[in-house]
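> What follows is a structure written as structure tokens; I'll ask about it next.
The values are calculated or read from the model by the stated rules, or taken from the named source; none is laboratory data. Everything numeric in this text was worked out from a predicted model, so none of it was measured. Cβ: placed from backbone, ideal geometry, glycine included. Neighbour counts: every protein chain shown.
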Amino acid sequence: MHVVVMGCGRVGSELAAALERGGHGVAVIDKNVRAFQRLPAGFTGKAVTGFGFDRDTLAEAGIESAGAFAAVSNGDNSNILCARIARETYGIEHVVARIYDPRRALIYQRLGIATVATVAWTTDQVLRRLVPGEARHEWVDPSGKVALVERTIPATLVGKKLAVVNQPGRYWLTAVTRFGKAEIVTTDIVGQEGDLLHFVSDINAMDELQHRLDTAEAH
């Protein structure tokens, strides 16, 4: 697949290199020709000096044959503008924009542009390492509605069918990590000591889920 990457900063250069290692054709766009010095030695993709919203620049980067487009410059406005052009003008299916302002991420997501909210993600990762006991979720979707939640099995669920915890429309057990190996659960899976339980949860139901686990003996 041919991929166009707009922005050759630290993220863009690493992304371009990773895509090329994966066997994809890559073109990188940046307005600053010196930015291409970040690309690794031996990079065989195309480096195009210009702006990601300029038609001629995009044409030189091979936008017409691209199957994916990533806007990862250091400007939110530029990223979303270029991502929308790629999606709406050129009909590229796989488009993602890097967004620094987490308040904008949801707006852009509703426009059909997948976003990576850098600040929100980084904040979450730092908090996990500073106060690991207070981690509420492993991942949350850009709309802020659905979360992946990991919890250690309570002693009261050991030896019991784990499906008793599920609450349709609120939270649902989807996988269990047992002896270091994750597996998708079945409806008849029985809990074992040391299990890590992985739930998909409504973001507003996480306290409810925790209470359900804390009081599992009563169910």
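This table checks each residue for (1) part of a loop (DSSP other than H, G, I, E, B); (2) farther than 30 Å from Ile113 by Cα.
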| residue | (1), (2) |
| --- | --- |
| Gly144 | yes, no |
| Gly169 | yes, no |
| Glu183 | no, yes |
| Glu193 | yes, yes |
| His211 | no, yes |
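> Right, another one. If the Cβ limit is 7 Å and pairs must be 6+ apart or interchain, which residue in segment 101-112 that is assigned by TED's automatic domain parsing to the domain that holds Arg87 and of a type outside the set (A, V, I, L, M) pairs with which residue that is buried (at least 17 other Cβ atoms within 10 Å of the Cβ) and modelled with pLDDT under 70?
Pro102/Ala120; Gln109/Pro142
> Can you tell me which residue among Ala59, Ala27, Ala35, Ala66 is of a type in the set (A, V, I, L, M) and either at pLDDT below 95 or touching a Lys or Arg at 6+ places or on another chain (Cβ under 8 Å) (or both)?
Checking each option against the conditions leaves just Ala27.
> Could you tell me whether Ala16 is without any contact (Cβ under 8 Å) to a residue 40 or more places away in the chain, crowded, with 23+ Cβ neighbours inside 10 Å and out of contact with any helix residue (DSSP H, G or I) (no Cβ under 8 Å at 6 or more places or on another chain)?
yes
> While we're on this one: Restricting to segment 88-107, count the residues that are assigned to a helix (DSSP H, G or I) and over 20 Å from Thr118 (Cβ atoms).
Total meeting the criteria: 2.
> Here is a check on your reading of the model: is Asn32 touching a residue at least 60 places away in the same chain (Cβ under 8 Å) and either over 24 Å from Ala105 (Cα atoms) or surrounded by fewer than 17 Cβ atoms within 10 Å (Cβ to Cβ) (or both)?
no
> Still on this structure: Exactly one condition in (1) surrounded by fewer than 17 Cβ atoms within 10 Å (Cβ to Cβ); (2) in contact with a helix residue (DSSP H, G or I) (Cβ under 7 Å, 6 or more places away or on another chain) is false for Cys8; which is it?
Answer for Cys8: the failing condition is (1).
> Could you please tell me which pairs satisfy a Cβ distance under 8 Å, a separation of 6+ or placement on different chains, a first residue in segment 143-155 that is free of Cβ contacts under 8 Å to residues at least 40 places away in the same chain, and a second residue that is of a type in the set (S, T, N, Q) and surrounded by 15 or more Cβ atoms within 10 Å (Cβ to Cβ)?
Close Cβ pairs (under 8 Å, with a partner that is of a type in the set (S, T, N, Q) and surrounded by 15 or more Cβ atoms within 10 Å (Cβ to Cβ)) amount to Ser143/Gln109.
> Let me ask you something else. Kindly evaluate Ala135 against the criterion of being modelled with pLDDT of 90 or more and of a type outside the set (Ser, Thr, Tyr).
No; evaluated as a whole, the condition is false for this residue.
> Give just the number: which of (1) in contact with a strand residue (DSSP E or B) (Cβ under 7 Å, 6 or more places away or on another chain); (2) within 15 Å of His94 (Cα to Cα) does Lys46 not satisfy?
Unmet condition: (2).
> Moving on. Among the residues of segment 79-91, write down those that are touching a residue at least 24 places away in the same chain (Cβ under 8 Å) and surrounded by fewer than 19 Cβ atoms within 10 Å (Cβ to Cβ).
Listed by number, the residues that qualify are Leu81, Arg84, Tyr90.
> Now a separate question. Please work out if Thr57 is assigned to a helix (DSSP H, G or I) and either closer than 12 Å to Val4 by Cα or β-branched (Val, Ile, Thr) (or both).
Taking the combined requirement at face value, the residue satisfies it.
> Scan segment 42-59 and give yes if some residue there is on the phi > 0 side of the Ramachandran plot and surrounded by 13 or more Cβ atoms within 10 Å (Cβ to Cβ), otherwise no.
There is at least one residue in segment 42-59 that is on the phi > 0 side of the Ramachandran plot and surrounded by 13 or more Cβ atoms within 10 Å (Cβ to Cβ).
> Thr89 versus (1) within 19 Å of the chain's Cα centre (by Cα); (2) closer than 30 Å to Gly144 by Cβ: which is the lone unmet condition?
It fails just one condition, (1).
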